[in-house]
Every structure is written in C-alpha cells, then in structure tokens.
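In what follows, a structure is listed as structure tokens, so that the remarks can point back to it.
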Amino acid sequence: MIFWKLFYTFCKIGIFNFGGGYAMIALIQNEVVEKQGWMTSSEFTDIVATSQITPGPIGINVATYAGYTSVVNAGYDPFWGVVGAFLASFSVILLPFILMLLISSFILKHKEHFVVKSIMSVLKLTVIGLIAASAILLIGPSTFGSYADSPLQFFLSIGLFVAAFFASLKWKISPILLIVLAGMIGLLVYGGIVSS
C-alpha cells in the first residue's frame, strides 16, 4: 500500500538528511523518481520549482507536493492525495524532531569537545555535497528542455539560468525579485504575448 511506503520512505529521508531543505532534494528525488517510480523526473522538477515559490521550508514543501503527486499518480482520488501530502510532510519531520529532542541538550553541553567538533566538521562537508548533488540534479533536460524539441525553451532556460546566477552572485539581487522576473518572462514567452 502506497501510504505505508510513503511513511517509511519519508521517515528514512528525514533521518538521513543533513543540511536542510536543499540537501533533502536529492534524497527525495532518488526515492520518489528513481527507486519507487512514483513520478517522472519532469514532474519532480516542477515540484521543486513550485516549492521554491511557495512559503515555507523548501524540503517540507517538496515532501508535501511529492506525497500528493505520488498518491494521485498511483490512481487515488485527490482527497487521498491530500492525505499523502500530510503523511509525507509529517513523516519527514517526525524522526528528526524526536532525535533533536533527545540529543540537543547533549550537543549544547559538549559542543567544544573534540569529538563533537570533528563530527560537525564532517557533517558540514556532507551538506555541501548534498546541496551540490541537488543543483546538479536540476541541471538537465527536464529543467532546461531539449534543443531538438524546443530551441526557444532551451536557449531561454540557459539564458535565464546564467542571468540569475550572475545577478545573484555579482549584483546581490534578491532571489524573490529574480523569481518574479523569471516568472514574468515565462508568462510573456509561453503565454503567447510574444510570438515564438
């Protein structure tokens, strides 16, 4: 039954995730697209994009949308999709919440100890790797499109990527403004206002 698999899968993601939401994206993608086959890579990319523009932590948002989409794609009614969304969100935070309750006082008490410092140093490197894996995961045909299928989408996607990268890196433009501008460009191009 998909609900038990959702609970188990997102509990596993929650307990093995280090580094927050962006680090969680690669874990969720591996489970729901590659291992379970609950959705396509393109659907997952849309989930990540939607999760970035909705309020709240991105990891929880991705889990919520992935839970809904997985259940609906399995042939259940959208009502059960909402149950799946709640179950995925609850599962992904359940074990980390319990774990943090159990170890937070120990970590605060011994944060200057050599072993604790060493573990934290290694975890920082792991987080960098997971975030890099999430970034690489999103660079592909499901995000940029294919030159053979739609040259306009392909070049527009690459142009927006490069422009957003340099605008945020060099000029420190707000990510919110970049999202709004990219959305307006997409509306103009794909909404038919500009002829393609």
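The values are calculated or read from the model by the stated rules, or taken from the named source; none is laboratory data. No experiment lies behind these values; they were computed from the predicted model shown. Note that each Cβ is placed from the backbone with ideal geometry, even for glycine, and that neighbours are counted across all protein chains shown.
Kindly indicate the residue of the stretch 146-164 that is free of Cβ contacts under 8 Å to residues at least 12 places away in the same chain and hydrophobic (A, V, I, L, M, F, W, C) and also nearest to Ile136 (Cα to Cα) among those meeting that condition.
Val162
Go through Gly67, Gly21, Gly84 for me and flag whichever is crowded, with 19+ Cβ neighbours inside 10 Å, of a type outside the set (Asp, Glu) and modelled with pLDDT under 90.
The unique qualifying residue is Gly21.
Hey, among Ser118, Ser146, which residue is farther than 16 Å from Val62 by Cβ, surrounded by fewer than 11 Cβ atoms within 10 Å (Cβ to Cβ) and hydroxyl-bearing (Ser, Thr, Tyr)?
Exactly one of Ser118, Ser146 is farther than 16 Å from Val62 by Cβ, surrounded by fewer than 11 Cβ atoms within 10 Å (Cβ to Cβ) and hydroxyl-bearing (Ser, Thr, Tyr), namely Ser118.
With the condition kept exactly as written, say whether any residue in the stretch 160-168 is modelled with pLDDT of 85 or more, surrounded by 11 or more Cβ atoms within 10 Å (Cβ to Cβ) and among the polar types (S, T, N, Q).
yes
What number of residues in the stretch 48-95 are in contact with a helix residue (DSSP H, G or I) (Cβ under 7 Å, 6 or more places away or on another chain) and charged (D, E, K, R)?
Looking only at that region, the number is 0.
Hey, does the stretch 99-111 have a residue that's of a type in the set (Val, Ile, Thr) and farther than 22 Å from Ile25 by Cα?
yes
How do the pairs read when you match residues in the stretch 49-75 that are in the same structural domain as Asn30 (by TED's automatic domain parsing) with residues anywhere that are of a type in the set (Asp, Glu) and in a helix (DSSP H, G or I), using Cβ under 8 Å and keeping only pairs 6 or more apart or on different chains?
Note: pairs meeting the criteria are Thr69/Glu43; Asn73/Glu43.
Which residues, taken from the stretch 1-31, are under 25 Å from Leu125 (Cα atoms), assigned to a helix (DSSP H, G or I) and touching a Ser or Thr at 6+ places or on another chain (Cβ under 6 Å)?
Answer for the stretch 1-31, where residues must be under 25 Å from Leu125 (Cα atoms), assigned to a helix (DSSP H, G or I) and touching a Ser or Thr at 6+ places or on another chain (Cβ under 6 Å): Phe10, Cys11, Tyr22, Ile25, Ala26, Glu31.
Residues of the stretch 29-48 being in contact (Cβ under 8 Å) with a residue 24 or more places away in the chain and of a type in the set (Gly, Ala, Ser), which ones?
Selection gives Ser41, Ser42.
Provide a single number: the residues in the stretch 105-119 that are modelled with pLDDT of 85 or more, assigned to a loop (DSSP other than H, G, I, E, B) and in contact with a helix residue (DSSP H, G or I) (Cβ under 9 Å, 6 or more places away or on another chain).
Here the count works out to 1.
Please determine, by comparing only the residues of the stretch 120-151 that are hydroxyl-bearing (Ser, Thr, Tyr) and at pLDDT below 80, which one is nearest to the chain's Cα centre (by Cα).
Going through the qualifying residues, I end up with Ser134.
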